[in-house]
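The values are calculated or read from the model by the stated rules, or taken from the named source; none is laboratory data. Computed from a predicted model, the values in this text were never measured in an experiment. Cβ coordinates were reconstructed from backbone atoms using ideal geometry, including for glycine residues, and neighbour counts include every protein chain displayed. Remember, those area values only see protein heavy atoms, side chains included, never the ligands or the DNA or RNA. Shrake-Rupley method; radii C 1.70, N 1.55, O 1.52, S 1.80 Å.
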Amino acid sequence: MSNPLLAAWQTPFETPPFDDIRPEHFLPAFEHAFGEHAAEIDAIVKDSAEPTFDNTITALERSGKLLTKVSSVFYALVGAHSNPELLAIESELALRQARHWNPIMMNGVLFGRIAKLSELRDTLQLTGEQQRLLERTLIRFRRAGAGLDKAAKERMAEINERLAHLSNEFSKHLLAEEQDWTLELGPDDRDGLSATFVAACEAAATERGKPNKAIVTLSRSSVEPFLQSSSRRDLREKVYNAFIARGDNGNKNDNSTVIGEILKLREESARLLGYDTFAAYRLADSMAKTPQNVRGLLEGVWKPALASAMADRDAMQALIGEDGGTFKLAAWDWHYYAEKLRQRRANFDAAAIKPYLSLDGMIAAAFDTASQLFAITFTERKDVPVWHPDVRVWEVNGRGGREVGLFYGDYFARPSKRSGAWMTSMRNQQELDGVVTPVILNVCNFSKSANGEPVLLSPADVRTLFHEFGHALHGLLSNVVYPSLSGTSVFTDFVELPSQLYENWQERPEVLQRFARHYKTGEALPEDLLKRFLASRKFNQGFATVEYVANALIDFEFHSQPASTAGDVRTFERKELDRIGMPEEIALRHRPTQFGHIFSGDHYAAGYYSYMWSEVMDADAFGAFEEAGNVFDAAVALRLHDYIYSSGGSREPEEAYVAFRGRKPKPEALLRRRGLLDTSAAA
Ligand SMILES: [Zn+2]
C-alpha cells in the first residue's frame, strides 16, 4: 500500500493531498520519519570532522524535513477536523514524540559541538542571522537539559514523557466536555435572541444530527452572544454554569488531577535546570526576563481595570432596579446588562451592526489592509485539496506576481474542531536550499448561518478574524534563510505583537466605510452607526481587562508557588482570586480546568501574560501610523514589514521593536487604548 504522506505531492503548490490521506497512514509515516530524522542526527553526532557551522548547525536545520511535513499535516487535522481515530493516534504519539525528541535534545555529543561553535563564534564570520541561529540553538539545547548529568537527564526524559501524556489527557477531557453538553432551545426559550443567532443554533443542531432543532453549544461564539441577548435569566444561569464548569465536573473528564501532576513535574524539571520555579525558568528565555517585570505589568493594569469594572457593575445594578428587578447582578447577568448599558451610553446595539459585518466582507477587509500595507494580493483557488468542504484557500502574491505563499481559512465551528481560534502552518518559509514558500492556516469557530444566508460576524468575531490574520501574515511575510527562525518562531511575549497590532485596522473608519456593507442591501455602514460603534469599543474594557489579567496572574501563581500548594486546584483558584480581590460577578476567562493555553501544552505556561506584554508594544506601535497621519503610511508600513512581520526569529525582539519604532514602547498607550488611563472614563 502506498502512503500518500511519504510520496511526493503532485497537488497545486505541493500541498497535502487531503482526499487521499487516511488516519491509518499517520503512524507508519511517523515511524518512517522518526527513523529518518534519528539517522540524520546520528550522522551529525558521528561526524569525525571538527564541528563547523555547516556540518553542525546547518545540518541540524536540514534534518527532520519528513517529520516536520508529517507532523504539520497531522496536528493541523487534529485541531481543525479530528475524529476518534485521529485522537487515539494523538494519544499514542504524545509518548512516541517525547521518546524521539528526548535523546536528540539531550545528546551530550551534539550539545558539545554546538557549545564549541558558540565559543568560537567570533572567528566564524557568521551573518547576523547565523549568529542569532547559533545562539538560539545553544539555548534551546541547554534549556532542554543537554548539559545535565546522566541521572538528571534520565529523570528529565521521564518527566517529558509523562508531561506529554498529561497535556494530551487535558485536551481530550476538554474536547469531550465541550462535545457532551448542549442546551436545546424550545420555542419559548428564545426571548431576546436575534434571528441570526437562532439560525446559527439551528445550524449547530443540524451539524450534530438534530435537524429542525436549535441548540446552544459550549463554544464561546455560542455562549457569549446567548448570555448577551437572552432575556431568560434562568437559561443564562444554566448556560453560564455549564460553560465555567468545563473540566470541573468530578466526572471522568475532570482535569483537576491532571493539573496537579503537571504543575509538580514542571516544577521538578525547572529545579533540575537550576531554577527555583517554572516561572523563573520560563521567563529566563523571554522578553520580560524576570517574574518581577511580569508582576509589575499585570499589577499596574489590575487596579484601574478593577475600578472601571466596579463602576460598570454599579451602573448595571442601577439598571436592574430601574427595570423593577430586585435581584443582585450575578455573573450570568453581566453580558446581558453590559449590552443594555452599552446601548444606553453609546446608544449602540451590537445587533445593529451585525448585518454590516458579513464574513466575506471582513475577509475582504483583512486582505485589502494587507494589500495596502504590504503590497500583497489574494486570489482564491478552488483546486487545492482541503480537509473539509468549508475550508477556503487563497494564493498570495507579491509585487510582479511573485509567489508569497498559500493561505487556508477554516472559519466555522463544528463538533470535530477544538474550541478557540488559532493560526498554524503546514509549511514554513525558508531559503536554506532554495526558496520554500509558506502554507499558513487560520482556524476559527464562527457560527455558520442556516439556509445559505451570508454569515454575519459579531464585533468580537471581527477582532478575532483580524487577530488570527495578523499571525497569518507573520507566517506569510517571513523572509529568513533558516527554518527554525521562520515566521512565528519568536518569544511567546513577542508573538502576539503582529496579531494584536493588526486588530487596530478592523476598527478604522477607512476600512469599515469600504467593507462593512449591509448583507442584504449592500448599503455602506451609516456614518452615525459607525461613530457610535467606534465610541462603544472602549466600553466594558474594565471587565475584559479584569477577566484577562486575573487569568494571567493565576497562571503566573500556579507556576511560581510550590506545586504542592497548587495541587488542590479549586482551593488554589479560590485563594488567589480572593487575594487579588476578584469580584464575584466576574469569572476567569478560562478557569484552570479549561485553561488549554497553559495545560494543553506548555506554550503559554507562565506565559499567558504575553498577550498584555505584546499589547504594550502593539498599542504603542500603532501610534507610529497615527503620528504619520495615515494608517497605511508607506514608510511606516515598510519598517513594520522589515523589522516585525518578515524578520521571524532572526533578530533580538527588543532590538527589532526599536528598529521599527525608533525607541522602546511606552506603557501608557495600552491604558489609554483600553480607556483605563483615567477611571472617570468609565462613567
Ligand atoms: Zn494570538
Problem - In nm, spacing of pseudo-spin labels at R399 and H165 (7 Å Cα→C-beta vector) - result: 5.6
Problem - Descending semi-axes in whole angstrom, ellipsoid equivalent of region 274-338, from the Cα gyration tensor - result: 41, 12, 8
Handout entry: Sparse-neighbourhood loop sites, trypsin sites (Lys or Arg not before Pro) in region 393-485 - DSSP loop, at most 13 other Cβ within 10 angstrom
Key = R402
Problem - Reach of K289 by Cα under 21 Å, taken over lysines that are not fewer than 8 positions away in the same chain - result: K664, K666
Exercise for the section: Pull out the extension gain between R271 and Q292, defined as 0.36 nm times the separation in residues minus the alpha carbon to alpha carbon distance; nm, one decimal. Expected result: 5.6 nm
Practice task
Please turn the phi angles of region 484-501 into ³J(HN,Hα) values with the Karplus equation 6.51 cos²θ - 1.76 cosθ + 1.60 (θ = phi - 60°), one per residue in order, whole Hz, x for glycine and proline.
Solution key: 6, 10, 6, x, 7, 6, 10, 4, 4, 8, 10, 5, 7, 5, x, 7, 5, 4
Practice task
Provide the per-residue ³J(HN,Hα) series for region 206-214, in order, calculated from phi with Karplus coefficients 6.51, -1.76, 1.60 and θ = phi - 60°, each as a whole number of Hz, with x at glycine and proline positions.
Solution key: 4, 4, 9, x, 10, x, 6, 10, 9
Completion exercise
Summing -39500 (n - 2.57) over every DSSP H run of at least 4 in the chain, dividing by its residue total and rounding to the nearest 500, the 222 nm mean residue ellipticity is -17000 deg cm²/dmol
Completion exercise
Any trypsin sites (Lys or Arg not before Pro) in region 208-253 that lie in a DSSP loop and have at most 11 other Cβ atoms within 10 Å would be K252
Practice task
Check the straight Cα-Cα distances from K116 and name the lysines below 19 Å, setting aside those fewer than 8 residues away within the same chain.
Solution key: K46
Fill in the blank from the handout: Descending accessible area (1.4 Å probe), largest on the left, turns E224, E202, E573, E655 into E655, E202, E224, E573
Handout entry: Kirkwood Rh (inverse of mean 1/r, distinct Cα pairs), region 67-193, angstrom
Key = 18.3
Exercise for the section: Find the centroid of the Cα atoms in region 545-586 and in region 453-467, then give the distance between the two in whole Å. Expected result: 31
Practice task
Hey, can you find the accessible area per residue of the chain for me, probe 1.4 Å, expressed in square angstrom?
Solution key: 40
Handout entry: Dipole magnitude (debye, nearest 20) for the chain, charges at Cβ of Lys, Arg, Asp, Glu
Key = 600
Exercise for the section: Would you mind computing, in nm to one decimal, how far apart the modelled labels at E507 and A634 are, each placed 7 Å from Cα along Cα→Cβ? Expected result: 3.0
Exercise for the section: Please name which of F243, L133, L341 has its Cα lying farthest along the dipole of the chain towards the positive end, using unit charges on Cβ (Lys, Arg +1; Asp, Glu -1) and the Cα centre as origin. Expected result: L341
Exercise for the section: Only loop residues by DSSP count here, and only those with at most 16 other Cβ atoms within 10 Å; note down the GluC sites (Glu not before Pro) in region 85-173 that meet that. Expected result: none
Practice task
Using just the alpha carbons, could you tell me how many Å³ per residue the convex hull of the chain encloses?
Solution key: 162
Exercise for the section: Summarise the accessible area of region 212-323 (1.4 Å probe, protein heavy atoms) by the percent that is carbon and sulfur. Expected result: 49
Problem - Using alpha-carbon coordinates, inclination of helix 108-119 to the longest axis of the chain, degrees - result: 90
Completion exercise
Ranking V546, H100, S458 by how far each Cα lies towards the positive end of the charge dipole of the chain (+1 on Lys and Arg Cβ, -1 on Asp and Glu Cβ), the top one is V546
Completion exercise
Computed over all unlike Cα pairs, the Kirkwood hydrodynamic radius of region 1-94 in Å stands at 14.8
Handout entry: Surface/4 of the Cα convex hull for region 430-528, nm²
Key = 8.7
Practice task
Kindly state, to the nearest 0.05, the FRET efficiency for D54 paired with E322, given R0 = 56 Å and r defined as their beta-carbon distance.
Solution key: 0.15
Problem - Centre separation in Å (Cα based) which lies between region 199-218 and region 617-683 - result: 42
Practice task
Starting from one equal scatterer on each C-alpha and no solvent at all, send me the Debye-based log10 I(q)/I(0) for region 265-311 at q = 0.15, 0.31 Å⁻¹, two decimals.
Solution key: -0.51, -1.00
Exercise for the section: Report the extension gain between D433 and R579 in nm, rounded to one decimal, defined as 0.36 nm multiplied by the number of residues separating them, less their alpha carbon distance. Expected result: 47.1 nm
Exercise for the section: Choose one of F556, F622, G649: the residue whose Cα lies farthest towards the positive end of the charge dipole of region 527-683 (beta-carbon charges +1 Lys, Arg; -1 Asp, Glu; about the Cα centre). Expected result: F622
Exercise for the section: Can you check what the net charge comes to around N55, using other residues whose Cβ is under 9 Å from the Cβ of N55 (Lys, Arg +1; Asp, Glu -1)? Expected result: -2
Exercise for the section: Please give the helix 541-558 orientation as an angle from the longest Cα principal axis of the chain, in degrees from 0 to 90, rounded to the nearest 10. Expected result: 40
Problem - Cα centroid separation, region 587-612 to region 45-104 (Å) - result: 25
Problem - Degrees separating the helix 233-244 axis from the principal Cα axis of the chain, which is the longest one - result: 10
Practice task
Work out how much length T257 to E85 would gain on full extension: take 0.36 nm times their residue separation and subtract the Cα-Cα distance, in nm to one decimal.
Solution key: 59.4 nm
Completion exercise
For region 132-249, one quarter of the surface area of the C-alpha convex hull, expressed in nm², comes to 11.7
Handout entry: K116/L6 FRET efficiency (R0 41 Å; Cβ-Cβ; nearest 0.05)
Key = 0.70
Problem - Assigned charges on the beta-carbon of Lys, Arg, Asp, Glu; region 155-224 dipole about Cα centre (debye) - result: 200
